[in-house]
Amino acid sequence: MTTDAVTSPDVPARDAPAAGITVSGVTRSFGAVHALQGVDLMAPAGAITALVGPNGSGKTTLMLVLASLLRPDAGSVTIGGADPVVDPRAVRRNTGWMPDTLGVWESLTAREILVTMGRFYGMDRDAVRSRAGQLLEWQELATLADQPARVLSRGQQQRLSLARAIIHDPAVLLLDEPASGLDPGSRIRLRDDLKQMAAAGKTILVSSHVLSELDEMADLAVFIREGATVRVEDLSRDGTAGGRYLITALDVAALRTALEHYSIAYRSAGRRQDSVSVEVASAAEAADLLATLVGAGVRVLSFTPGASRLETTYLELDRMRSVDDGGHA
Ligand SMILES: Nc1ncnc2c1ncn2[C@@H]1O[C@H](COP(=O)(O)OP(=O)(O)OP(=O)(O)O)[C@@H](O)[C@H]1O
């Protein structure tokens, strides 16, 4: 994809918005269900921010508030400088929203969906047709452009949904589980596309349960639980990278002997006969252990974190929750 495909000059001019998303103390209840209970978030422009949390933690509710489709009960939100409650039109002009399903649009053709959406945003007929054509090419949907969207596969619908979200070249993108239904090749492409859009200055907030995937693209992660922010992690900084590492050696017996010699606890690595896993407290400790093993003559083939950084944090938060729940029991 070229950057032109995502930042087209064929869209109406707009005032340059103050960049990014800020959310402060937002609450939203549905009757007795308190979906958001004081969530805070800052997603800067030019970066991908991951929104991470267990099922029912409030991710979609927050996205709907940001997209100006749901009114918060309290708290403040700005998107590209505009408040979705006070000025929903400005927010919609600056924001692309990709829900987790294409929804009621499925009886229109792929091209009609893009053109209709562009017209909603005030793009003129020629500009929107040309932009729709570019985006359909970009998403490899050109041959299906005049088919009803319902005949598209789930993955193709997801690709169309992304094209629809950016038809008006928004500064902010809200993506709810964008990779769901995509094949591995399309997932890699989506990741590269989002990185390219962030590099072009877009603000991207993406929710997903596939943490390894988020880990590869996100600059920042916001963890929410029970409708509140519980951790913000800057993934672009070197982390402590503690946790479990998988060590693979040419001679695993020699590896085990060396670990025992240095009194380092290890576990066998599931079905892998050539590997063991160890727990370390930091990246420095991991590096020292690798040097020690190599120095002791162990022929190490690989030495890799057993879980992505997001997975490690997620599991840590989960453990803390279990302890809290136990404490309150
Ligand atoms: N329209 C609604 N009416 C009643 N309850 C709702 C409504 N929308 C969401 N909820 C509730 O609010 C809570 C948060 O839901 P939400 O969909 O935001 O979670 P989520 O983090 O996106 O979950 P998932 O990861 O499963 O998609 C849940 O308990 C859900 O049942």
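Every residue, every condition in (1) on the phi > 0 side of the Ramachandran plot; (2) modelled with pLDDT under 85, yes or no:
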{"residue": "Ile224", "(1), (2)": "no, no"}
{"residue": "Thr229", "(1), (2)": "no, no"}
{"residue": "Val232", "(1), (2)": "no, no"}
{"residue": "Leu235", "(1), (2)": "no, yes"}
{"residue": "Asp238", "(1), (2)": "no, yes"}
{"residue": "Gly243", "(1), (2)": "yes, yes"}
{"residue": "Ile247", "(1), (2)": "no, no"}
{"residue": "Ala253", "(1), (2)": "no, no"}
Within region 60-88, tally of residues that are near the ligand (Cβ under 10 Å from one of its atoms) and out of contact with any Asp or Glu (no Cβ under 7 Å at 6 or more places or on another chain): 5
Near pairs, Cβ below 6 angstrom, 6+ apart or cross-chain, from region 169-180 (closer than 14 Å to Ala198 by Cβ) to any residue that is part of a loop (DSSP other than H, G, I, E, B): Ala171/Pro17; Ala171/Gly80; Val172/Gly80; Leu173/Lys202; Leu174/Ala67
Which residues, counting only those in region 17-52, are more than 12 Å from the ligand (Cβ to nearest atom), of a type in the set (A, V, I, L, M) and not in a strand (DSSP E or B)? Ala18, Ala19, Ala45
Within region 198-239, residues being within 13 Å of the chain's Cα centre (by Cα) and of a type in the set (S, T, N, Q) number 4
Please go through region 89-138 and give me each residue that is of a type in the set (D, E, K, R) and within 16 Å of the ligand (Cβ to nearest atom), ordered by number. Asp100
Looking only at region 169-179, decide whether some residue is surrounded by fewer than 23 Cβ atoms within 10 Å (Cβ to Cβ) and part of a helix (DSSP H, G or I). no
Give the residues of region 268-284 that are among the basic types (Lys, Arg) and either surrounded by 12 or more Cβ atoms within 10 Å (Cβ to Cβ) or outside the structural domain of Thr304 (by TED's automatic domain parsing) (or both), sorted by residue number. Arg272
Looking only at region 198-209, decide whether some residue is surrounded by fewer than 18 Cβ atoms within 10 Å (Cβ to Cβ) and within 16 Å of the ligand (Cβ to nearest atom). yes
I want to confirm something. Restricting to region 134-165 and keeping residues that are in contact with a Lys or Arg (Cβ under 8 Å, 6 or more places away or on another chain) and more than 14 Å from Leu108 (Cβ to Cβ), which single residue is surrounded by the fewest Cβ atoms within 10 Å (Cβ to Cβ)? Glu140
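The values are calculated or read from the model by the stated rules, or taken from the named source; none is laboratory data. The shown structure was predicted, so the numbers you read here are calculated from the model rather than taken from an experiment. Virtual Cβ from ideal backbone geometry, glycine too; neighbours counted across all protein chains shown.
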